[in-house]
């Protein structure tokens, strides 16, 4: 019996376009089944072959996987370097190819070739060594989404210094906490960055963070971004340009063990204490390289735009490491998607002839709210593949994306993965998989998800908690400095199974549908409902732009459903609309899912990556004080407005 009730029904099906499938890296379901069978029959041999195909190994590995739950080690004995794999091995044949095509929010543009990127990475790597940074020392990166961010990451990888990128939208306090936890030796920043026509004061935030105590940081490297000249620098600060100018454009890479730490990336914990997810070099490199090619069908002539910032894992895996290891051209856009005009994204795609777009469902719903007129002003025919990432996408947004942006001709890959997984685990393969709007479809070869009930019995068809039952190369190794938290958080439910924290259901075809965080599953009159399904039903009403549904305590039902709804431009928020939306949800998925309360909002509280912070909405709905970390929230005034409406 399923642990959760599932109420969403979706019957539309979209096979891969024959012309796309004919040229894809993987062309048929037979390809997929063969790879899965090979991986299951002899995992060590299969993973070894993938590792040797994806990476240059300076020293070959002797052991594929050592699994002592909950700890995994991959490709033991092997030595490699991801900066070398992303840059050096392309120079002989692709040195003059654009690695990065950058556009700043103010409109400035520059292309960086693989040869130029290699030279800049080597200069910064040499500069870091000159500052005393050694293999194993942590380096903080707090930059806007400019080429220097990729340079900094790759320079750290080149010398074996684990980087910890802190998103440029975070506050001085959030930066301080993360740098102290990582015990960073050097911090790389800029004078500022552009967002919504304003300068984000990065250097000012760095100074604020250090003023409150980050004793391990010895030097701050400051890149010039916003002004004609840098402000006067302090004793512990040095200009990027002056520092690297004196350095040679070659730098011997540090050949590190496969298990050498590559980066620490902090995710917000519900307790308010950020947790540093640790990823290592070899396994992460193999999987991000492979999934970039498989999932996005990445080809040499593609212009690949993943809209994520490098402050998030999506930016690590599918802006920097994965695409560059595949010698792709990646687009970097610094600013907000609607600055200076609502069609900025579509203008970028048209001018840069983007072929692959990978963005978040939240962004797609925001574009839906703005209407079709903006994308229709632009030629989007260069696009050949669309991807989504970050949270489950509701079917209507999936369809809008496919039809309005992809012109009905582009496969849509709805990818499921996490900061902790390092790379994509469940996703359509665009030349292989029949897609269903709203479903992440099937696991990639070598990946073993299972849905389990409360007794840890497998649910073949139905809903429950999502686990991964076997180790995979790009899985997190621990929580930095807190292995007990790693064990409790990810293997506390079962000592040998990785618990994703997500609820999911599996249909009769074996397809996975992510319900959302188990925290977002609510118990309504004895039925455990995934709030994502109720949100999807609300958004399928043509008057609704976005919805977030949370539970609040209710004496009679246990939990009452509260829906926070933003409507499309010009739609009046009346009692009649409340009644209409309640009736619409009842019609779509049944009376059990009808919201007890609908609150209209001008905006929903989101992180800068676009995720709705539902735990904050739960506090608002329950009328309780906000708890936990709010440093990732883009606009605190949104939360304040919701609380004012409640008074």
### Query
If you check 30, 54, 66, which single one turns out to be surrounded by fewer than 20 Cβ atoms within 10 Å (Cβ to Cβ) and within 29 Å of residue 385 (Cβ to Cβ)?
30
### residue 75, sole failed condition from (1) outside the structural domain of residue 159 (by TED's automatic domain parsing); (2) on the phi < 0 side of the Ramachandran plot
(2)
### Summary
Sole miss for residue 229 among (1) in contact with a helix residue (DSSP H, G or I) (Cβ under 9 Å, 6 or more places away or on another chain); (2) more than 16 Å from residue 151 (Cα to Cα) is condition (1)
### Message
Take the residues in the stretch 187-204 that are in a loop (DSSP other than H, G, I, E, B) and in contact (Cβ under 8 Å) with a residue 40 or more places away in the chain; name whichever of them is farthest from residue 336 (Cα to Cα).
### Response
191
### Task
Find the residue count for the stretch 563-589, including only residues that are within 31 Å of the chain's Cα centre (by Cα) and either closer than 19 Å to residue 621 by Cα or surrounded by 12 or more Cβ atoms within 10 Å (Cβ to Cβ) (or both).
9
### Query
With 386, 429, 466, 380 as the choices, which residue is over 21 Å from residue 337 (Cα atoms) and in contact with a helix residue (DSSP H, G or I) (Cβ under 8 Å, 6 or more places away or on another chain)?
429
## Note on the structure
Exception for residue 93 within (1) without any contact (Cβ under 8 Å) to a residue 40 or more places away in the chain; (2) within 17 Å of residue 223 (Cα to Cα) falls at (2)
### Message
Could you tell me how many of the residues in the stretch 347-365 are touching a residue at least 12 places away in the same chain (Cβ under 8 Å), more than 15 Å from residue 308 (Cβ to Cβ) and surrounded by fewer than 21 Cβ atoms within 10 Å (Cβ to Cβ)?
### Response
4
### Task
Specify which of the listed residues (422, 446, 462, 408) is closer than 24 Å to residue 277 by Cα and surrounded by fewer than 21 Cβ atoms within 10 Å (Cβ to Cβ).
446
### Query
residue 105 fails exactly one of the following numbered conditions: (1) closer than 20 Å to residue 263 by Cβ; (2) assigned to a loop (DSSP other than H, G, I, E, B). What is the number of that condition?
(1)
### Task
Answer yes or no as to whether residue 298 is in contact with a helix residue (DSSP H, G or I) (Cβ under 8 Å, 6 or more places away or on another chain), within 30 Å of residue 425 (Cα to Cα) and in contact (Cβ under 8 Å) with a residue 40 or more places away in the chain.
yes
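Here is a yes/no grid of residues against (1) buried (at least 16 other Cβ atoms within 10 Å of the Cβ); (2) in contact with a strand residue (DSSP E or B) (Cβ under 7 Å, 6 or more places away or on another chain):
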{"position": "73", "(1), (2)": "yes, yes"}
{"position": "76", "(1), (2)": "no, yes"}
{"position": "86", "(1), (2)": "yes, no"}
{"position": "104", "(1), (2)": "yes, yes"}
{"position": "109", "(1), (2)": "no, yes"}
### Query
Among 620, 602, 638, which is at pLDDT 85 or above and assigned to a helix (DSSP H, G or I)?
620
### Message
Out of everything in the stretch 366-388 that is at pLDDT below 95 and under 30 Å from residue 504 (Cα atoms), what residue ends up being surrounded by the most Cβ atoms within 10 Å (Cβ to Cβ)?
### Response
367
#### Entry: Inter-residue pairs, beta-carbon under 6 Å, first modelled with pLDDT under 75 and in the stretch 260-286, second part of a strand (DSSP E or B), 6+ apart
269/275
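The values are calculated or read from the model by the stated rules, or taken from the named source; none is laboratory data. Since this is a predicted model, take the numbers as computed values, not measurements. Cβ coordinates were reconstructed from backbone atoms using ideal geometry, including for glycine residues, and neighbour counts include every protein chain displayed.
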